[in-house]
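Colleague: Sharing a structure with you now.
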Amino acid sequence: MNGEKRTIRVGLIGYGFAGRTFHGPLIRTVPGLALTVIGSSRREAALADFPAVDVCSTEEVITHPDVDLVVVATPNESHFSLAAAALRAGKDVVVDKPFTVTLDEARKLVQIANQCGRLLSVFQNRRWYSEVLATKEILRSGVLGQVSHYECHMDRFRPMVRQRWRENPGPGAGLWFDLGPHLIDQALHLFGMPTSVNASFAALRPGGQTDDWAHVQLNYQGQQNNPLRVILHASLLVSWGHGSSGGPRSALHGTRASWAKFGGDVQEAQLMAGMLPDDPAFGIDTDPGILFDGASGEKTEIPVPVGDQRPYYAGVRDAILEGRPAPISGEHGVAVMAILEASFESGARGQVKPIPLTVEEQSRWEAITVLRD
């Protein structure tokens, strides 16, 4: 640790889209964190944004003497090896989603973190998006009655297949590996662990080699014999994905009312435009949620919370400095990977599949979730 100032020195591995758009600006604007090292071949881009950092190779970040926390923001297939090496080098670690590319790797990574006594956390930034914050507030309010259906879409319009690792066959590639961890995490965050999953995947674009359409249903037993169904959907052939004129991005249906959010969170667009999270205008989403009363049909606009992803990194800081629970634990990464793998197996076999967590893993996940909340 960096002396009396108790500043956590951060080494960021990867300065592509995720590193430059999300991790760099968030780390820059969270007190108690200092980005000191960037591991990337994009030296000029890194120095343009952070002139004082040491830009070096990936391997050097892992053992760098001026790094306390390593952030892994690299292609999916490299997450396990880089995170494992950093943990063994005595660093605390944040891994961008997806945690790993297999459930077995996720389990091993948690084991390594426990053996090394280091913090291990998964970056799931969408929990702090206006849309998700609003969904959680509506659920807590009880205004919908007994909720039986939740649906969330992450749709985009990218009809042309691009030559990049995400769209080429290989471990960790495809749309569901890209967006599925976000959607699964939201479901776990809002409703807890499902009992089973059934899923369907397809490559619908001409020339597509990986899935670009995903429709996944999580099944919950519910309370008092009231089951819950969660629909998670992603597509690269929906032209209203970033607007507010099409179908709702998120919807909840209950015994008394329904609620929907049409427009999306603004943080990603603001970050891409160069706005930093400490700007007063950052995260302000002017598109309200809409409550539909079941009895009268009356529509009520409800303002949504301001989105702000910085609490994630503030939570990582407090976990390291004060011993608090990690904002999103490695065990949670295991749970997401278990559902992800079960969804792929369900899609391949055309069957409803149980969630492949052991009793011990489920109990550990539940205990950490309660502690964190």
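Colleague: What's the angle, to the nearest 10 degrees (0 to 90), between helix 130-141's Cα axis and the longest principal axis of the chain?
Modeller: So the inclination is approximately 50 degrees.
Colleague: Taking springs between alpha-carbon atoms closer than 10 angstrom, which of Gly207, Gly14, Gly347 fluctuates most in the Gaussian network model of the chain?
Modeller: Gly207
Colleague: Moving on to the next point. How many angstrom lie between the C-alpha centres of the stretch 140-208 and the stretch 71-100?
Modeller: Using only Cα atoms, the two centres lie 22 Å from each other.
Colleague: Determine ³J(HN,Hα), in whole Hz, for all residues of the stretch 259-270 in sequence, where each value follows from phi through the Karplus function 6.51 cos²θ - 1.76 cosθ + 1.60 and θ = phi - 60°; x replaces Gly and Pro.
Modeller: Taking θ as phi minus 60°, the curve returns 9, 9, 10, 9, x, x, 4, 9, 4, 4, 4, 5 Hz for the stretch 259-270.
Colleague: OK, next. Using only the Cα atoms of the stretch 75-152, what do you get for the radius of gyration and for Dmax, in Å?
Modeller: Rg and Dmax of the stretch 75-152, Cα atoms, are 17.1, 50 Å.
Colleague: Students often check this: by mean Cβ neighbours within 10 Å, which of 250-260, 161-171 ranks highest, and how do the rest follow?
Modeller: Answer by packing, highest mean first, reads 250-260, 161-171.
Colleague: To continue, here is another question. Using only the Cα atoms of the stretch 15-147, construct the convex hull and provide its projected area averaged over every direction, in square nanometres to one decimal.
Modeller: Projected over every direction and averaged, the Cα hull of the stretch 15-147 covers 10.1 nm².
Colleague: Roughly how many percent of the accessible protein surface of the stretch 222-373 is carbon and sulfur, given a 1.4 Å probe and a whole-percent answer?
Modeller: On the way: 3950 of 7600 Å².
Carbon and sulfur: 52 percent of the exposed surface of the stretch 222-373.
Colleague: What are the ³J(HN,Hα) couplings of the stretch 71-80, residue after residue, when phi is run through the Karplus curve with 6.51, -1.76, 1.60 and θ = phi - 60°? Round to Hz, x for glycine and proline.
Modeller: 3J(HN,Hα) across the stretch 71-80, in whole Hz: 10, 9, 10, 10, x, 3, 5, 8, 4, 4.
Colleague: Choose one answer from Leu133, Leu69, Leu109: the residue with the largest mean-square fluctuation in a GNM of the chain with alpha-carbon springs under 10 Å.
Modeller: Leu133
Colleague: Note the per residue figure in Å³ for the convex hull of the C-alpha positions in the stretch 294-373. Walk me through the numbers on the way to the answer.
Modeller: On the way: hull volume 15.7 nm³, N = 80.
Taking only Cα atoms, the stretch 294-373 has a hull volume of 197 Å³ per residue.
Colleague: Sticking with this one: Going by average Cβ density within 10 Å per residue, which order do the peptides 112-122, 287-297 take, highest to lowest?
Modeller: Highest mean packing first, the order is 112-122, 287-297.
Colleague: Straight-line reach from Lys299: which lysines have Cα under 17 Å away, leaving out those fewer than 8 places along the same chain?
Modeller: The qualifying lysines are Lys261.
Colleague: Can you list the aspartates and glutamates whose alpha carbon sits under 14 Å from that of Lys353, skipping same-chain ones fewer than 8 residues off?
Modeller: Glu341, Glu345
Colleague: What is the dipole size for the chain, taken about its Cα centre, with +1 at each Lys and Arg Cβ and -1 at each Asp and Glu Cβ, in debye to the nearest 20? It would help to have the intermediate numbers written out before the result.
Modeller: Working: 35 positive and 41 negative charges, 53 e Å.
It works out to roughly 260 debye.
Colleague: How big is the shadow of the Cα convex hull of the stretch 1-76, averaged over all directions, in nm²? If you can, show how the numbers build up before the last one.
Modeller: Details: hull surface 18.7 nm².
Orientation-averaged projected area of the Cα hull: 4.7 nm².
Colleague: Let me ask something additional. Consider the candidate values [x] 63, 46, 45; [y] 83, 48, 47; [z] 59, 51, 43; state which one is Cα extents along the principal axes in Å computed from the structure displayed.
Modeller: [x]
The values are calculated or read from the model by the stated rules, or taken from the named source; none is laboratory data. Every value quoted in this text rests on a predicted model; they were computed, and no experiment measured them. Positions of Cβ are backbone-derived with ideal geometry, glycine not excepted, and every protein chain shown enters the neighbour counts. Side chains are part of the model used for accessible areas, which takes the heavy atoms of the whole protein and leaves out ligands, DNA and RNA. Shrake-Rupley method; radii C 1.70, N 1.55, O 1.52, S 1.80 Å.
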